[in-house]
1. Does the range 125-133 contain any residue that is without any contact (Cβ under 8 Å) to a residue 60 or more places away in the chain and touching a His at 6+ places or on another chain (Cβ under 6 Å)?
2. Being in contact (Cβ under 8 Å) with a residue 24 or more places away in the chain and part of a helix (DSSP H, G or I) narrows it down to one of 176, 187, so name that one.
3. Taking the options 70, 77, name whichever one is free of Cβ contacts under 8 Å to residues at least 60 places away in the same chain and outside any helix (DSSP H, G or I).
4. Do you know which residues across the range 82-117 are open to solvent by 50 Å² or more (accessible area, probe 1.4 Å), out of contact with any Phe, Trp or Tyr (no Cβ under 9 Å at 6 or more places or on another chain), of a type in the set (A, V, I, L, M) and in a helix (DSSP H, G or I)?
5. With the checklist (1) touching a helix residue (DSSP H, G or I) at 6+ places or on another chain (Cβ under 6 Å); (2) in a helix (DSSP H, G or I); (3) open to solvent by 40 Å² or more (accessible area, probe 1.4 Å); (4) over 19 Å from residue 61 (Cα atoms) in hand, flag the one item residue 124 doesn't pass.
6. Residues of the range 137-146 being open to solvent by less than 10 Å² (accessible area, probe 1.4 Å) and either closer than 21 Å to residue 163 by Cα or not in a helix (DSSP H, G or I) (or both), which ones?
7. Does residue 166 count as touching a residue at least 24 places away in the same chain (Cβ under 8 Å) and charged (D, E, K, R)?
Amino acid sequence: MMLCRAYGARPEQLGLGERRPALPWYRYRQFHLDPTDGHGPHDQEAPMTTDAGLPAVGESVRLALLAHPDGGTLVVDLAEAAVEHYATNYSKHPAALLFEQVREVRQLLTPVMESPAHAGAVQRQVGWLSALMGNLAYHLGDSSGARAHLGTAAAYGSRSGDSRLEAWAWGAQSMVARSSGRLADAVAYAERGAALAPS
């Protein structure tokens, strides 16, 4: 229903059929050693809810920062992996829960954004985290919060030289403006995003 509200369309116009119930469990692998079989590790599937697995992503970023408080390749790689995880699994989590997890990782990265060696890369991930927060705020009915987070995303897209992020953020700003009836702003944001969009 959120997509219908966002785009002002009926479910059938968006190709949405009947709602399917969400799967409550997702499988994560657990490895065990059996000293008697002579083959080393073997895996057993253990159920874990996505709610339980979600905080582990932020914990990995925190551990990387303990090893490299001033940032570094490991921190940049894990920040990028966190963004990818949150974006890929966006619809598997309640928006409020995902918002808190994304915000926590963004807070963890804030002190290392000015790392001389990795400033642009960390700023880029902070921008994408802000973009996710903007989208989540919108889905939570917080239009003013969405505008703030998406503005931050656009600024860090520009600052880090990521035109794709900047274009995406302005496009999302257009969606927020349209949904609140600010049609002139929506058109202006859409044009700005289109001008920045990679070919």
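1. In the first step, residues of the range 125-133 are kept if they are without any contact (Cβ under 8 Å) to a residue 60 or more places away in the chain; the result is 125-133.
Restricting the remaining residues to those that are touching a His at 6+ places or on another chain (Cβ under 6 Å) gives 130, 133.
Taking every residue of the range 125-133 in turn, at least one turns out to be without any contact (Cβ under 8 Å) to a residue 60 or more places away in the chain and touching a His at 6+ places or on another chain (Cβ under 6 Å).
2. 176
3. On the way: 77 fails: outside any helix (DSSP H, G or I).
Testing whether each residue is free of Cβ contacts under 8 Å to residues at least 60 places away in the same chain and outside any helix (DSSP H, G or I) leaves just 70.
4. 96, 97, listed by residue number.
5. With respect to (1) touching a helix residue (DSSP H, G or I) at 6+ places or on another chain (Cβ under 6 Å); (2) in a helix (DSSP H, G or I); (3) open to solvent by 40 Å² or more (accessible area, probe 1.4 Å); (4) over 19 Å from residue 61 (Cα atoms), residue 124 is out only on (4).
6. 146, the sole residue that qualifies.
7. Numbers: touching a residue at least 24 places away in the same chain (Cβ under 8 Å): yes; charged (D, E, K, R): yes.
In short, yes.
The values are calculated or read from the model by the stated rules, or taken from the named source; none is laboratory data. Keep in mind the model is a prediction, meaning the values are calculated, not measured. When we count neighbours, we look across all protein chains shown, and the Cβ atoms used for this are built from the backbone with ideal geometry, even at glycine. Just so you know, the surface numbers come from the protein's heavy atoms only, side chains and all, with ligands and any DNA or RNA stripped out. Shrake-Rupley method; radii C 1.70, N 1.55, O 1.52, S 1.80 Å.
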